[in-house]
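What follows draws every value from the coordinates through simple rules; no lab data is involved. Predicted model, so just to flag it, every value in this text is computed and none were measured. Reconstructed Cβ throughout: ideal geometry from the backbone, glycine too, with neighbour counts over all protein chains shown.
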Amino acid sequence: MFEIAPSILSADFTKLGEEISAIEAGGASVLHFDVMDGQFVPNITVGLPVLKSVRKATNLTIDAHLMIEEPSRYAVKFVEAGADMVSVHVEADVHLQRTLTAIREAGGKAGVAINPATPLGALEEALPYADFILLMSVNPGFGGQKFIPTSLDKLRRLRRMIDERGLSTRIEIDGGIDAGNISGIVEAGAEVIVAGSAVFGGGKPTEAVKELIDAGTVWV
Ligand code: DX5
Ligand code: ZN
């Protein structure tokens with residue numbers, strides 16, 4: 001089983017409520033909320049006030065992806081503002097175990113996000129404290145980038161790493177995913193699939209979510 005997590009980064013912010021209703025109608029179960037600070041990544045997006053409004057507008061699982069420096073300063077605030085899942089980048093936090101534990105203690109699911117060129121070994125000691133890993137299949141910062149092909153092998157290796165340790169850590173993948181490549185990604189072991197431009201780019205988010213679910217459903 002896999003879930004589709006549309007990224008509102010590619011949504012029309014002037015009608016966010018409608019966009020959210022549209023993805024719900026298509027069968028999305030997670031809302032991916034991209035937070036960028038203009039430091040960790042070269043772009044600035046949305047933060048706590050927008051999250052609070054979005055929380056009031058939906059019962060979907062809200063998944064805050066913090067692409068920010070010093071995420072330990074804000075991670076718990078995102079849980080308090082309504083995020084169910086919060087991920088921080090392994091590259092940005094030197095006290096990752098403490099941050100993950102704080103997210104869990106605040107009642108959130110704790111995630112570690114990892115950039116394409118960061119080796120999986122960087123996750124080793126953090127895995128037992130993480131509810132999920134967010135594997136980046138593009139360099140974070142912008143929607144609409146191309147899926148980096150080596151991410152598929154990295155995903156398989158991450159799947160193996162988690163399974164071999166007998167952990168229940170979930171795998172989420174983010175960047176460049178569309179109806180053309182989703183089935184291989186699901187087969188390789190991803191459970192939460194983020195999609196921004198593939199969902200909102202064509203102006204028909206309900207249909208686009210349905211199409212992704214269909215394309216990702218591998219009939220054995
Ligand atoms: C990239 C963000 C992604 C982005 C995905 O920095 O973390 O969540 O919105 O968008 P697409 O699916 O268009 O690559
Ligand atoms: Zn993201």
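Structure values in brief
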quantity	calculated
S183-E18 pseudo-label distance in nm [points 7 Å out on the Cα-to-Cβ vector]	3.4 nm
Cα gyration tensor shape for the range 70-169, rounded if a/c is under 1.5, else prolate or oblate	oblate
Rg [Å, one decimal], Dmax [Å, integer] - the chain, C-alpha atoms	15.9, 46
Cleavage-rule hits, trypsin sites (Lys or Arg not before Pro), the range 93-201, DSSP coil, Cβ neighbours within 10 Å at most 12	K146, R165
Span from the the range 43-107 Cα centroid across to the the range 1-16 one, whole angstrom	17 Å
Inter-site label distance for K210 and L48 at 7 Å from Cα along Cβ, in nm	4.0 nm
Residue-span extension gain [H95 to S29] - 0.36 nm each, minus C-alpha spacing	20.7 nm
Three-way shape label, the range 101-220, alpha-carbon gyration tensor, a/c 1.5	prolate
Two-site FRET efficiency, R104 against L167, from Cβ-Cβ distance with R₀ of 22 Å, rounded to 0.05	0.90
Local net charge near F33, Cβ-Cβ under 11 Å (Lys/Arg +1, Asp/Glu -1)	-2
Efficiency of FRET from Cβ geometry, V218 and I148, R₀ 25 Å, rounded to 0.05	0.70
FRET efficiency, 1/(1 + (r/R0)^6) with R0 30 Å, evaluated for N139 and R73 via beta carbons	0.85
Per-residue Cβ neighbour rank within 10 angstrom, fewest leading, M161, M36, M136	M161, M36, M136
